[in-house]
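**Q** The structure's right below; bear with me while I get my questions together.
The values are calculated or read from the model by the stated rules, or taken from the named source; none is laboratory data. Being a predicted model, the structure only gives us computed values, none of them experimental. Positions of Cβ are generated from backbone atoms using ideal geometry, with glycine treated the same way; all protein chains shown enter the neighbour counts. For accessibility, only protein heavy atoms count, side chains too; no ligands or nucleic acids. Shrake-Rupley method; radii C 1.70, N 1.55, O 1.52, S 1.80 Å.
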Amino acid sequence: MYRRSIILVILLLLFAAEAFFARQFYIEIVPFPEDEWWMTVVNNCLRDLLLAGVAGLLYFRRNRLVDRTKRYFPVVVLGVLYLLIAGFMVSQLSLDKGFLTVMAILTGLNNNIVLVLLAAMCYHKWPSAIMKAVYFAVYFFTALTMIFDAFYFWQTSMHVESVLFKNLNIYAMQGVLSGMTTLQLVGISCAVLAVLLLFRVTKPQKRKPNFAWSLLCVAVFFLCLNLSYWSMVQVNKYILTEYVCVWGDETSEMIRSDYRNLLTTPVNVNFVSKMLFDTDKIARRKHIEQRPLTAKDERVLKELGILRTQKALQPLEAQYDKIVLLVLESVHRDYIGFYNKNIPRETTPFLDSLLAKYPRLDNYYSSAIPTTQGLNATFRSHLIFDEDINGANQGSLFRSVQEAGWRGIFMNASSQYYSNEMREYPQQFGMKEYYAKEYLQDLGYSGASGWGYHNDVLYKETLRLLEAGRKDKMLLVTKTLDMHQPYPYYGISWADMPEAVRDHELVTIRGMYWVDQTLKSFFEQAEAKGLMDDRTLFIITADHNPHSGGEYTKIVTNENDRKSIAPIPLIFVSKNLQPLNNLMTKDYASQIDLAPTLLYLAGLKAPDDFMGRNLLEAVDTPFALGYFGGKAFYYSADLDFEDQMDNPAPATAYEDALTNYIIHEYSERQLRNQ
């Protein structure tokens, strides 16, 4: 009775403390949000009780802890490693420290060690050299995937995706290694060595744990933790929807829930599944369905501005004879000082001057990532890239201008063998002249490192091509690489950089200074050589926004602007700006809108299968549309949302209509090009 009274008093004090701190958090809000306050108090109290329960379980089993730690030491090592990684993930994602987050960590701990625990149990049941080897293999593979996945998460804020394995070859490995410091490589090597050295097993003992009972306990723990977590997720969603009824809280909780799910995912199972299978369910032929748009879909899509009510502008005579597209790698709009006052003003003075002087879009978004997908959106005005669909029959920016007698040139800094570009890009995108690292080598350029040649070399060759083709109509796309994650390249010595740039803690700042200075040199030389004239249009943009991790999260402070689909720069530079007078700086747009715009400026009609709009045409609801990993993203001045496209029960009519629209467009394109 006395013990129960003490426990009751402790619980009351716990509730009072959580109620007080929650009240302090909400006290300045008028009127006081009583529903949110109650939810916070209950949430934190449940968290405290859960942690107390875990501590109590460990305390009452304290006599067994030493023996079990020795017997299953490799499992303990992986458990500690997971908890360290989970803590890092919680910090990086700014997750709340409430009940569901703690529950997700406990569930993830179980899910990430369960295979190794089963291997350990089998070894202790049937001790042999073979079982020990199996035990070690499962342990070491799980540890390596944890380390690799943690590094990947650091750079991308997600677990390993199947797209990684599509682009994994020697050039990608060289690029990653070239961007890492010696200290980082040593740190990773030490972590792997520590994992090797920490594998130790006790000698076989005559007295063995009851294998069947242990197996049952593992199964019960696994089921209880996972079912409890997923059940509480649904309960939390129901309470937010039915009782709290704050749309902002509900949508924020949906995003937090996605982040928490990352904590529960077993990294070894995720790694193998992404390595062996293409997990993008939308961009796979066997998942394609011919989905007509309903009247309700069309009504909602018109409200979103996706289905246009007015006729598209017909092209006039060509306004330019040369279009030069300078595509930067992984550059966010807010990497430029003009948009982000938190970075040193010395970082991008030239880009700042261009943005102040020339036409631009301030709300221009990626339509897809990574590079190939982003270029697909830029050149073919489509959201989803599928290499299984015959590209020869698809409309593209290159095919349209080449049919009109223009030269179509694409130049990339990386190897032509990277991601099978030398075959895939001309076949899919249609450029007749494809140049890459090997082409530049044959011309005598030197200095390639990591991913490939650097900005200065790419811009030098761009100028040479423009000089040699003065009389040609030309679409010339130069794709640079120096801002490639995880760490950018910069070719300016320490002494020659401004102090605020060179002393900055983030390497990205120095990388952007290099981008800025090489662009400045390019345009100064283009002017000096007489290549900037009334019939030439230069465009500066990016292939996609950075993956949402690493230094990106420190530079871009607005959480809404560092999602998987985010803003990138778009600047138009020319001596003849009259054709761009109708460009609305504040309009929302995305990469699928660039090709229709450029074809209009070239006096050419856009292909019928383009999804995007002409940016020079006024519309009632300018919007940006993006796709990544089975999710669609919509942005406009009045509304933005994420659409989990494989969700069997869409949360809103907007999400349902957008899913139907994207799948409809994708299936139509597939059927047309079979």
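**Q** Where the centroid of each part is defined by its Cα atoms, how far is the range 87-143 from the range 525-599 in Å?
**A** A separation of 45 Å, based on Cα centres.
**Q** Same structure again: Based on DSSP H runs of at least 4 residues, each adding -39500 (n - 2.57), what is the mean residue ellipticity at 222 nm of the chain after dividing by all its residues, to the nearest 500 deg cm²/dmol?
**A** Numbers: 24 runs with 347 residues, N = 674.
One gets -16500 deg cm²/dmol as the mean residue ellipticity at 222 nm.
**Q** Give me, ordered by chain and number, the residues 5 or more places off residue 590 or on other chains with an amide H under 5 Å from its own placed amide H.
**A** Residues meeting the criterion, in which the H sits 1.01 Å from N, are 365, 625.
**Q** Consider all pairwise Cα distances in the range 536-603 and report the whole-number % of them above 21 Å. Don't jump to the answer; show the numbers that get you there.
**A** On the way: 812 of 2278 pairs.
Pairs farther apart than 21 Å: 36 percent.
**Q** Run down the lysines and flag those whose C-alpha is under 18 Å from the C-alpha of residue 166, throwing out any fewer than 8 positions away in its chain.
**A** Those lysines meeting the cut-off are 274, 281.
**Q** Relative contact order (percent) for the chain, with alpha-carbon contacts under 8 angstrom and 6 or more residues of separation? Numbers along the way, then the final one.
**A** Details: 1023 pairs, mean separation 127.5, N = 674.
Result for the chain is 19 percent.
**Q** For the range 442-515, report the % of Cα-Cα distances exceeding 17 Å.
**A** Counting every Cα pair in the range 442-515, those more than 17 Å apart make up 53 percent.
**Q** Report, ordered by chain and residue number, the lysines lying within cross-link reach of residue 520, taken as a straight Cα distance under 18 Å and ignoring same-chain residues fewer than 8 apart.
**A** 357, 460, 479, 529, 575
**Q** On to the next question. Which values, in whole Å and largest first, are the semi-axes of the equivalent ellipsoid of the range 313-376 obtained as the square root of 5 times each eigenvalue of the Cα gyration tensor? Can you show the working numbers first?
**A** Details: eigenvalues 131, 67, 25 Å².
Rounded to whole Å, the semi-axes are 26, 18, 11.
**Q** Something else: If you average the sequence gap of Cα pairs under 8 Å that are 6 or more apart and divide by the length of the range 10-137, what percent do you get for the contact order? Don't jump to the answer; show the numbers that get you there.
**A** Details: 57 pairs, mean separation 29.8, N = 128.
Computed value for the range 10-137: 23 percent relative contact order.
**Q** Which ³J(HN,Hα) values, rounded to whole Hz and listed in residue order, are derived for the range 154-166 from phi using the Karplus coefficients 6.51, -1.76 and 1.60 in 6.51 cos²θ - 1.76 cosθ + 1.60 with θ = phi - 60°, glycine and proline given as x?
**A** Values per residue, Gly and Pro as x: 4, 8, 10, 6, 8, 6, 3, 9, 4, 4, 4, 6, 5 Hz.
**Q** How much accessible area does residue 27 have with a 1.4 Å probe, in Å² rounded to the nearest 10?
**A** 80
**Q** For the range 445-479, which trypsin sites (Lys or Arg not before Pro) pass both filters: DSSP loop (anything but H, G, I, E, B) and at most 15 other C-beta atoms within 10 Å? The partial results should precede the final answer.
**A** Working: sites: 460, 464, 470, 471, 473, 479; in loops: 470, 471, 473.
Passing sites in the range 445-479 are 470, 471.
**Q** Taking 0.36 nm per residue of separation and subtracting the Cα-Cα distance, what length does fully extending residue 424 through residue 653 add?
**A** Numbers: separation 229, 0.36 × 229 = 82.44 nm, distance 3.72 nm.
Going from the current span to full extension adds 78.7 nm.
**Q** Tell me the trypsin sites (Lys or Arg not before Pro) within the range 1-66 that lie in a loop according to DSSP and have at most 12 other beta-carbon atoms within 10 Å. Intermediate values should be presented prior to the final figure.
**A** Details: sites: 3, 4, 23, 47, 61, 62, 64; in loops: 61.
Passing sites in the range 1-66 are 61.
**Q** Let me ask you something else. Less than 15 Å Cβ to Cβ from residue 500, Lys/Arg counted +1 and Asp/Glu -1: what total charge do the surrounding residues give? Could the numbers behind the result be given before it?
**A** Working: positive: 341, 345, 502, 510; negative: 346, 352, 496, 499, 503, 505, 516.
Charge balance in the 15 Å sphere: -3.
**Q** How much length is gained on full extension from residue 258 to residue 560, taking 0.36 nm per residue of separation minus their Cα-Cα distance? Walk me through the numbers before you get to the answer.
**A** On the way: separation 302, 0.36 × 302 = 108.72 nm, distance 1.50 nm.
Result for the pair: 107.2 nm of gain on full extension.
**Q** Also, I was wondering about something else. At residue 387 and residue 66, where each label point lies 7 Å from the Cα along Cα→Cβ, what is the point-to-point distance in nanometres?
**A** In this crude label model, residue 387 to residue 66 measures out at 5.7 nm.
**Q** What number results when the radius of gyration of the chain, computed over Cα atoms, is divided by 2.2 N^0.38 Å?
**A** Numbers: Rg = 28.0 Å, N = 674, 2.2 N^0.38 = 26.1 Å.
Against the empirical 2.2 N^0.38 Å value, I get 1.07 for the chain.
**Q** Rounded to the nearest 5, what % of DSSP beta bridges with both residues in the chain are antiparallel? Intermediate values should be presented prior to the final figure.
**A** Details: 18 of 44 bridges.
Approximately 40 percent, going by the DSSP bridge assignments.
**Q** While we're here: Using just the Cα positions, wrap the range 587-644 in a convex hull and report its mean projected area in square nanometres, one decimal place. Before the final figure, lay out the partial values.
**A** On the way: hull surface 17.7 nm².
Across all orientations, the range 587-644 yields a mean hull projection of 4.4 nm².
**Q** How much length is gained on full extension from residue 608 to residue 220, taking 0.36 nm per residue of separation minus their Cα-Cα distance?
**A** Working: separation 388, 0.36 × 388 = 139.68 nm, distance 5.65 nm.
The span from residue 608 to residue 220 would gain 134.0 nm if fully extended.
**Q** Counting only protein heavy atoms and using a 1.4 Å probe, what share of the accessible area of the chain belongs to carbon plus sulfur, as a whole percent?
**A** Working: 18460 of 31310 Å².
Of all accessible area on the chain, carbon and sulfur atoms account for 59 percent.
**Q** So which lysines pass the test for residue 302, namely a Cα distance under 26 Å, with those fewer than 8 places away in the same chain ruled out?
**A** 311, 563, 586, 605, 631
**Q** With the cut-off at 1.5 for a/c, could you classify the range 31-81 from its C-alpha gyration tensor as rounded, prolate or oblate? Can you show the working numbers first?
**A** Details: a/c = 8.72, a/b = 2.79, b/c = 3.13.
Taking the square roots of the gyration eigenvalues as a ≥ b ≥ c, the range 31-81 is oblate.
**Q** Same structure, new question: With a bin width of 5 angstrom, please list the P(r) values of the range 335-419 as percents of all Cα-Cα pairs, from the 0 bin to the one holding the largest distance.
**A** All Cα pairs considered, the percentages come to 3, 11, 14, 15, 17, 16, 12, 7, 4, 1.
**Q** Using a ≥ b ≥ c from the Cα gyration tensor of the range 535-674 (square roots of the eigenvalues), is it rounded, prolate or oblate, where a/c under 1.5 gives rounded and otherwise the larger of a/b and b/c decides, a/b for prolate?
**A** Numbers: a/c = 1.90, a/b = 1.24, b/c = 1.54.
Oblate is the answer for the range 535-674, as a/c is 1.5 or above yet b/c matches or exceeds a/b.
**Q** Same structure again: How far is the Cα center of the range 307-333 from the Cα center of the range 463-516, in Å?
**A** 23
**Q** Could you work out the Rg to Rh ratio of the range 8-141, with Rh taken as the Kirkwood radius (inverse of the mean 1/r over all Cα pairs)?
**A** Numbers: Rg = 20.1 Å, Rh = 17.8 Å.
Over the Cα atoms of the range 8-141, Rg/Rh equals 1.13.
**Q** May I ask for the longest run of the chain untouched by GluC sites (Glu not before Pro) that are loop-located per DSSP and have at most 10 neighbouring C-beta atoms (other than their own) within 10 Å?
**A** Working: sites that count: 28, 289, 317, 505.
Counting only loop sites that pass the neighbour cut-off, the longest clear stretch is 29-288.
**Q** Given R₀ = 45 Å, FRET efficiency for residue 165-residue 14 by Cβ-Cβ distance, to 0.05?
**A** E(calc), rounded to 0.05, equals 0.40.
**Q** Excluding residue 549 itself, calculate the net charge of residues whose Cβ lies under 14 Å from the Cβ of residue 549, where each Lys or Arg counts +1 and each Asp or Glu counts -1. Intermediate results must be reported in sequence, preceding the final value.
**A** Numbers: positive: 554, 562, 563; negative: 149, 161, 551, 559.
Computed value for this residue: -1.
**Q** Let me ask something else. Please work out whether the range 366-492 counts as rounded, prolate or oblate from its C-alpha gyration tensor, where a ≥ b ≥ c are the square roots of the eigenvalues and a/c under 1.5 means rounded, while otherwise a/b larger than b/c means prolate and anything else oblate? Before the final figure, lay out each step's value.
**A** On the way: a/c = 1.92, a/b = 1.21, b/c = 1.59.
It comes out oblate by the Cα gyration axes.
**Q** Mean 1/r over all different Cα pairs, inverted: what Kirkwood radius does the range 153-224 give, in Å? List each step's numbers first, then the result.
**A** Values: mean 1/r = 0.0585 Å⁻¹.
Hydrodynamic radius (Kirkwood, Cα only) of the range 153-224 equals 17.1 Å.
**Q** Continuing with the same structure: Using just the C-alpha positions of the range 1-58 as equal point scatterers, what log10 of I(q)/I(0) does the Debye formula give at each q in 0.17, 0.22 1/Å?
**A** -0.63, -0.86
**Q** I need the semi-axes of the equivalent ellipsoid of the range 115-193: take the C-alpha gyration tensor, multiply each eigenvalue by 5, square-root it, list largest first in whole angstrom. Don't skip to the answer; put the middle values down first.
**A** Details: eigenvalues 190, 44, 27 Å².
Rounded to whole Å, the semi-axes are 31, 15, 12.
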